[in-house]
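Please read the structure below before turning to the comments.
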Amino acid sequence: QVQLLESGGGLVQTGGSLRLSCAASGIRFSINAMAWYRQAPGKQRELVADITSGGSTNYADSVKGRFTISRDNAKNTVYLQMNGLKPEDTAVYYCNAKRFNYATKRFDEVWGQGTLVTVSS
């Protein structure tokens, strides 16, 4: 069964830190690009950070210098370390796995259920 299971969300004060984890099962984790997205109330889902199978990373401008994405292929897990949290970081955070399917010439994607991060002012 293909599954992405996020954990680590919660309530934190402004300036605090949280570490999100996303454990994958049922996929060849090491060949997937992994990403964290977030969706705040009333807003569209947006990319927070992603990491390729080779370890290259990319961040939204709003989180650069504060968030760090990393992956542990031995544990089939991707992490998002969030420091210096701000109220505007409040959102449901979703884990995403994506890889190119050469048979269909399309990307296969899997989404987690999300974990809520609330930053109080």
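The values are calculated or read from the model by the stated rules, or taken from the named source; none is laboratory data. Just so you know, these numbers come straight off a predicted model, no measurement behind them. Heads up, the Cβs are rebuilt from the backbone with ideal geometry, glycines too, and the neighbour counts pull from every protein chain shown. Each accessible area value is taken on the protein alone, full model and side chains, heavy atoms only, with ligands, DNA and RNA left out. Shrake-Rupley method; radii C 1.70, N 1.55, O 1.52, S 1.80 Å.
Relative contact order for the chain: 35 percent, from Cα pairs under 8 Å spaced at least 6 residues apart, divided by residue count. Identify, among W36, G26, Q3, the residue whose Cα sits farthest towards the positive end of the charge dipole of the chain, taking +1 on the Cβ of Lys and Arg and -1 on the Cβ of Asp and Glu, with the dipole about the Cα centre. Going by the Cα projections, it comes out as G26. Extension gain for R45 to V2 (0.36 nm times residue separation, less C-alpha to C-alpha distance): 13.3 nm.
The HN-Hα couplings worked out from phi for region 29-36 by the Karplus form 6.51 cos²θ - 1.76 cosθ + 1.60 (θ = phi - 60°) are 3, 5, 9, 8, 6, 10, 8, 10 Hz, whole numbers, x standing for Gly and Pro. Protein heavy-atom accessible surface, 1.4 Å probe, per residue over the chain: 56 Å². In this structure, the amide hydrogen of K86, modeled 1.01 Å from its nitrogen in the peptide plane, lies closer than 5 angstrom to those of G15, counting only residues at least 5 positions away or on a different chain. Length available on full extension from S30 to N101: 0.36 nm per residue minus the Cα-Cα distance, which gives 24.1 nm.
Here r is the Cβ-Cβ distance between D61 and S121 and R0 is 25 Å; the resulting FRET efficiency, rounded to 0.05, is 0.70. For region 41-80, the set of trypsin sites (Lys or Arg not before Pro) satisfying both a DSSP loop assignment and a count of at most 14 other C-beta atoms within 10 Å is given as K43, K64, K75. For region 91-96, 3J(HN,Hα) computed residue by residue from phi via the Karplus equation (6.51, -1.76, 1.60; θ = phi - 60°) reads 4, 8, 9, 10, 8, 9 Hz, glycine and proline entered as x. Here's the list of lysines a cross-link from K86 could span, going by alpha-carbon distance under 29 Å and ignoring same-chain residues fewer than 8 apart: K43, K64, K98.
Across the accessible surface of region 7-95, with the other protein chains kept in place and a 1.4 Å probe, carbon and sulfur atoms take up 47 percent. How big is the dipole moment of the chain about its Cα centre under a simple scheme where the beta carbon of each Lys and Arg is +1, that of each Asp and Glu is -1, and everything else is neutral? Debye, nearest 20, please. So the dipole magnitude of the chain works out to roughly 220 debye.
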